[in-house]
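Report on one structure; see the data block that follows.
Just so it is clear, none of the values below were taken in a lab; they were calculated from the coordinates. As the structure is a prediction and not an experimental result, all values here were calculated from the model. Every residue, glycine among them, receives a Cβ derived from its backbone with ideal geometry; neighbour counts consider all protein chains shown.
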Amino acid sequence: MRWWLIPLVLAFGWFAFTLTPFWALYDLARAVQAHDAGYVDRHVNFRTLRLSIIRQAAAAAQIQGSDPADAEPRERQRLTDAAVALAIPLAETLVTPQTVVDLLDDGWPQSIDLGDRSLPEVGNSAPRLARPGLRVENLGRLIPFYFGSEMRGFRTVVIGVPPEAPRARQFRVRLRLRGWTWRLVDIELTQELRERIAQRLSRAAARAR
């Protein structure tokens with residue numbers, strides 16, 4: 001065997017490996033369009049996803065509350081604890097097989113009361129754009145997902161959905177290889193959805209006072 005074939009074989013092997021999460025993404029997209037909550041239940045790490053949603057919701061609530069940078073450490077910790085306490089039940093509601101299907105379908109969990117999604121954002125009178133979700137109609141559609149993805153080591157890939165959307169309008173899914181199976185472990189919510197969650201948590205905090 002000629003020595004120069006070795007790097008070619010290795011490069012081809014690595015390229016083939018980087019394609020494997022997109023087969024998993026294709027299957028996940030088909031399950032979402034079929035509203036197959038059973039498939040999602042088997043291919044999502046709900047514990048990791050739940051912790052991520054709690055962190056995102058709590059961080060959004062803190063920003064919404066305009067926590068002053070010069071506040072006392074004890075006060076800042078109290079506000080952080082309060083935000084987490086409010087975020088936990090919301091995360092429990094968001095992170096179920098059916099709600100994950102709902103979220104991936106178009107980037108918005110209609111089963112959760114976050115207000116009318118057709119309304120413009122605060123301070124912006126322009127109508128909202130449509131929110132296309134995880135749709136992979138054919139294998140060729142995987143190409144923009146591939147070029148818009150980010151491999152993080154050998155076992156993790158982050159993919160923006162939809163790949164053509166501006167970063168602020170994307171939700172980003174993180175897949176991790178466990179054994180021989182790629183599983184969804186995280187969904188980074190869109191900026192708009194985080195803001196809506198923060199508004200809901202702020203209202204809940206106001207009622208609790």
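On full extension of the chain, what length is gained from ASP106 through THR181, given 0.36 nm per residue of separation minus the C-alpha to C-alpha distance?
Once the chain is fully extended between ASP106 and THR181, it gains 24.5 nm.
Determine which residues of the range 145-183 fall in the zone a paramagnetic label at ARG30 would reach in this model, i.e. backbone nitrogen under 14 Å from the point 7 Å along Cα→Cβ. Output list for this probe position: empty. As a proxy for reagent exposure, GLU137, GLU195, GLU92 were ordered by neighbouring Cβ count within 10 angstrom, fewest first; the result is GLU137, GLU92, GLU195. With K and R counted +1 and D and E -1, the other residues having a Cβ less than 13 Å from that of THR20 yield a net charge of +3. Using the average count of surrounding beta-carbon atoms within 10 Å as a protection proxy, the listed peptides 30-36, 94-100 rank, highest first, as 94-100, 30-36.
Among residues other than GLU164 with Cβ under 12 Å from its Cβ, the summed charge is +4 (Lys and Arg +1, Asp and Glu -1). Over all other residues within a Cβ to Cβ distance under 15 Å of TRP180, the charged ones net out to +4, with Lys and Arg as +1 and Asp and Glu as -1. Among TYR26, TYR146, sorting on how many other beta-carbon atoms sit within 10 Å of each Cβ, with the fewest leading, yields TYR146, TYR26.
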